[in-house]
1. If you check Leu64 against the conditions, is it closer than 23 Å to Glu95 by Cβ and touching a helix residue (DSSP H, G or I) at 6+ places or on another chain (Cβ under 9 Å)?
2. For Asp9, all conditions in the list (1) more than 17 Å from Arg99 (Cα to Cα); (2) modelled with pLDDT under 90; (3) assigned to a strand (DSSP E or B); (4) not β-branched (Val, Ile, Thr) hold save one; what is the number of the exception?
3. Please determine whether any residue of segment 87-97 is charged (D, E, K, R), touching a residue at least 60 places away in the same chain (Cβ under 8 Å) and either assigned to a helix (DSSP H, G or I) or over 19 Å from Arg24 (Cβ atoms) (or both).
4. Within segment 18-67, track down each residue that is surrounded by fewer than 19 Cβ atoms within 10 Å (Cβ to Cβ) and of a type in the set (Phe, Trp, Tyr).
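The values are calculated or read from the model by the stated rules, or taken from the named source; none is laboratory data. These figures come from a predicted structure and were not determined experimentally. No Cβ is skipped: glycine too gets one built from the backbone with ideal geometry, and neighbour counts run over all protein chains shown.
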Amino acid sequence: MVWLNMVADNGSGLYLDISGVEQRRSPGGAVLAISGLVGDGRYEGQVLIEVGSRVEVTFVDQWLDPAELKEFFSRVERDEVERALEETVAAMSLEEKIRMIVEAPRSNAAHRPHTSNPHPYRREKKDLSGVREIEANWERANIPANDK
């Protein structure tokens with residue numbers, strides 16, 4: 001997790017929790033795509049930062065949860081968040097970005113902030129191993145075929 005160089009109106013620090021880094025080719029040259037979660041403790045949403053000949057920031061909640069994103073931007077200025085994300089990513093070396101990805105699986109549970117209104121697509125995964133049957137019940141039923 002990386003702390004951004006800004007705070008929300010309520011004094012909460014903003015962070016970027018990087019979950020993916022990949023290099024893409026585009027007509028304008030190579031692009032480094034960084035995906036992760038941006039938040040302030042009350043809001044957490046996915047963001048895509050594409051660094052190439054220019055930097056583009058895409059907030060996924062623009063399509064998935066525009067109301068929550070609007071509330072987030074009522075506490076912080078969108079332009080300031082985009083600028084802070086750009087500066088943070090530009091200041092990191094490629095080695096730092098890769099190290100964060102490699103270390104993320106070991107430390108996710110300890111560093112992942114909790115939100116009061118989690119997104120529906122980020123539900124807790126449940127253990128379904130006890131749901132399946134070892135042997136299908138219909139095979140044991142010995143039901144005679146319907147011969148008419």
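1. Considered against the rule, which asks whether it is closer than 23 Å to Glu95 by Cβ and touching a helix residue (DSSP H, G or I) at 6+ places or on another chain (Cβ under 9 Å), Leu64 comes out as no.
2. Just one mismatch for Asp9, condition (3).
3. Yes, because at least one residue in segment 87-97 is charged (D, E, K, R), touching a residue at least 60 places away in the same chain (Cβ under 8 Å) and either assigned to a helix (DSSP H, G or I) or over 19 Å from Arg24 (Cβ atoms) (or both).
4. Trp63
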